[in-house]
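Okay, structure first, notes after.
The values are calculated or read from the model by the stated rules, or taken from the named source; none is laboratory data. Predicted, not measured: the structure shown is a model, and the values here were computed from it. Here the Cβ positions follow ideal geometry from the backbone for every residue, glycine too, while neighbour counts run over all protein chains shown. Ligands, DNA and RNA are excluded from the accessible area calculation, which covers all protein heavy atoms including side chains. Shrake-Rupley method; radii C 1.70, N 1.55, O 1.52, S 1.80 Å.
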Amino acid sequence: MEVKQNNDEKHGSFEALIDGKRAGLMTYTWAGEDRFIIDHTEVEEAYNGKGVGKEMLIKAVEFARENGKKIIPLCPFAKATFQKNEDLRDVL
């Protein structure tokens, strides 16, 4: 699985690709310079249960850590995943 990031001044996304096909998309909106809000996560039906959403979230956490940013998880999936994984919470 490959996860690509697209980012501009106001919005961005993490797109998961499996064998070159889009498996999922996680979108975010910048909230100032130091924080971004994960507002939506979707996984294509064919890839449900394969950890696609979590891989995109891990990529978002890595990006936040590397760049000194914080994440606000408004999306129910992201919020639930942070609650289940204590090791990711340092970016909240």
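Quick notes on this one:
- Test: residue in segment 47-57 that is surrounded by fewer than 16 Cβ atoms within 10 Å (Cβ to Cβ), aliphatic (A, V, I, L, M) and not in a strand (DSSP E or B): no
- E33 over 14 Å from T81 (Cα atoms), more than 15 Å from the chain's Cα centre (by Cα) and free of Cβ contacts under 8 Å to residues at least 12 places away in the same chain: yes
- Within segment 14-32, the set of residues being surrounded by fewer than 17 Cβ atoms within 10 Å (Cβ to Cβ) and farther than 18 Å from L92 by Cα comprises L17, I18, D19, G20, K21, R22.
- Odd one out for K84, checked against (1) touching a residue at least 40 places away in the same chain (Cβ under 8 Å); (2) open to solvent by 30 Å² or more (accessible area, probe 1.4 Å): (1)
- Single condition F63 does not satisfy, out of (1) out of contact with any strand residue (DSSP E or B) (no Cβ under 6 Å at 6 or more places or on another chain); (2) open to solvent by 40 Å² or more (accessible area, probe 1.4 Å): (2)
- Residue match in segment 68-86 (condition: farther than 21 Å from N7 by Cβ, in contact with a Lys or Arg (Cβ under 9 Å, 6 or more places away or on another chain) and not in a helix (DSSP H, G or I)): yes
- Qualifying positions in segment 3-13 - assigned to a strand (DSSP E or B) and either open to solvent by 40 Å² or more (accessible area, probe 1.4 Å) or in contact with a Gly (Cβ under 8 Å, 6 or more places away or on another chain) (or both): K4, Q5, N6, N7, H11
- Within segment 54-74, residues that are within 14 Å of T29 (Cα to Cα) sit with their Cβ atoms under 6 Å from residues that are aromatic (F, W, Y) and open to solvent by less than 30 Å² (accessible area, probe 1.4 Å), at 6+ positions apart or across chains, in these pairs: A60/F14; P73/F82.
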